[in-house]
Every structure is written in C-alpha cells, then in structure tokens.
Amino acid sequence: MHKAFATTFAPAPTVRKAAARTALVGLNEPSRALLAECFRQFNIETVVMSSDAAERLRKEKFEACVLSLGNGADAVMESARSSPSNSRCIIYGMGGNAQEFMRYSKYGINAIFHEPLERPAALKLVRATRMLVLHEFRRYVRIPVMTEVSVVGDGQRVSASSIEISTGGMSLKSAEDFSIGTNVEVSFSLMTLPRVSVRGIVSWRKPKSLGVRFDVADERRQKVKIWIDSYLEG
C-alpha cells in the first residue's frame, strides 16, 4: 500500500528551463537549425522572428540576438539598443564584410558568424561568448564588441576594428604591421561611450591582429573601465 501511495504521488520529473533566450532574425532555415543546436548545448533557447522582430525586441526581454546584416538590420538593432530590456543584449551579425560591419559599429555588434555558416566555427563562437549571454560576468572579463578604432603609432595612423576590450586593453583586427613594444594611442567610441583616446603599447602581434595594453598612467583609461562596469551591470 505504501508503495502504491508513493507511486501514485511520485513527483513529476522537472523540466530544465532555458537560462537565456536568443532571437534569430532574418536567417534561412539551415542557419536557424544549426544555431539552435549550438545554443541549445549551453541551455540557451532560440526564438525565430520575422517581420515583427523590431517590435518584439522593443517589448520582450532577450539575452542575445543573431541577425542577418541586410535590409532592415538597422531598425532591429536600433530597437534593441533603445529598449530598456535589451540595450545590453549580445548582438551577433550574420554575413557581410568588414566595411559592412563598420557601418553598424554604432550599435555595438559583439561578434560575427561568417557565411557560409559551418558548425565547428559557429559552436566555437557560441562557446566563447556564452558567459555574456548567460550573464556569468565574473568569469568573462573581456567584452567582444566591434567598433572602428584609430591607431596612431610608429609614425603612422591606421584604421582597425576592435575584437575584444577589457579594462586593461583591447585586441584589434588590422592588416597593418606594428612591432611588439610600439607605443600607440587608440581612439574609439562604444555605443554610450563617446570617443575616447587612450595611450598603450603593442603587447602581442599575430597575422592581421594585435593586442594593445593600456597605459595604467593614462587617466582616460578610467572612462573605458566605467563603460565596461556599466555594460556588465546593465
């Protein structure tokens, strides 16, 4: 009898609720299916959107958004960034080239899925950025964000694009060659952060990318720190 009673009132198995939601906007079916699989591995739900994307991102809460960088992308990103709920959501762009990425730099695109979309690369990117999507900020001190950066040093001024930024420095994508140890000054803006210039030194160099460590004596670095703190708390 006791066994029957226990069986009758046995607790139902709990269903694991997704920890975060990612909007998929303007993507084709193969891309949607692949990204849904990648995000699902980290307990992140995906929600497919169409023509109502801008309105939904204005009203509903999403931790991330993946959208095709084509017609209508501006309106969707503007809606997300102007929404109190989604102003800090992680935005992934899909497709396009470097010039097109910079066109949207004011919206603070965090990362790019390149086309044709391939599973290993897509999964690697989701894994690398999942801490921000899941709001586990203490374990992720670098913010992936793409914006245009002016680099002055070694007698030249070049344009680059940011890859990641932290309170201590930033990584950049640039075809120009700077030797390790070169003193530089980087100038950039980040959504709510007006253009700021910070002195630094080239700390590492790889093909088409480099790292700049900010000068701790440059007080302007504090503006970057304040922006990052606000981004994480938001």
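Just so it is clear, none of the values below were taken in a lab; they were calculated from the coordinates. Note that the coordinates shown come from a computational prediction; the quantities given were computed from them, not determined experimentally. Using ideal geometry, Cβ is built from the backbone for each residue, glycine included, and neighbour counts are taken over all protein chains shown.
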In degrees, nearest 10, range 0 to 90: what is the angle between the Cα axis of helix 221-233 and the longest Cα principal axis of the chain? 10
Largest fluctuation, THR22, THR182, THR46 only, Gaussian network model of the chain with Cα springs under 10 angstrom, belongs to THR182
Cα gyration tensor category, rounded, prolate or oblate, for region 140-224 with a/c compared to 1.5: rounded
Mind listing which GluC sites (Glu not before Pro) in region 93-174 are in a DSSP loop and have 11 or fewer other Cβ atoms within 10 Å? GLU136
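Rounded, prolate or oblate: which fits region 20-139, taking a ≥ b ≥ c as square roots of the Cα gyration tensor eigenvalues, rounded meaning a/c under 1.5, else prolate when a/b beats b/c?
Numbers: a/c = 1.30, a/b = 1.09, b/c = 1.20.
It comes out rounded by the Cα gyration axes.
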Evaluated at 20 °C with a viscosity of 1.002 mPa s, what Stokes-Einstein diffusion coefficient in µm²/s does the chain have when Rh comes from the Kirkwood expression over alpha-carbon pairs? 112
Specify the angular offset, from 0 to 90 degrees and rounded to the nearest 10, of the alpha carbon long axis of helix 119-133 from the longest principal axis of the alpha carbons in the chain. 90
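Which of the trypsin sites (Lys or Arg not before Pro) found in region 46-124 are in a DSSP loop and have at most 15 neighbouring Cβ atoms, other than their own, within 10 Å?
LYS61
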So, in nm, how far is label LYS106 from label ASP154 when the simple model puts each one 7 Å beyond its Cα toward the Cβ? 3.3
Summing -39500 (n - 2.57) over every DSSP H run of at least 4 in the chain, dividing by its residue total and rounding to the nearest 500, the 222 nm mean residue ellipticity is -8500 deg cm²/dmol
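Just need the relative contact order of region 140-209 here, percent rounded to a whole number, with Cα pairs under 8 Å and 6+ apart.
Relative contact order comes out at 29 percent.
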Cut-off 13 Å, label point 7 angstrom out along Cα-to-Cβ of GLU115: give me the residues of region 53-70 whose amide nitrogen falls inside. 67-70
Given 0.36 nm per residue, what is the gain on full extension from ASN71 to MET131 after removing their alpha carbon distance, in nm? 18.6 nm
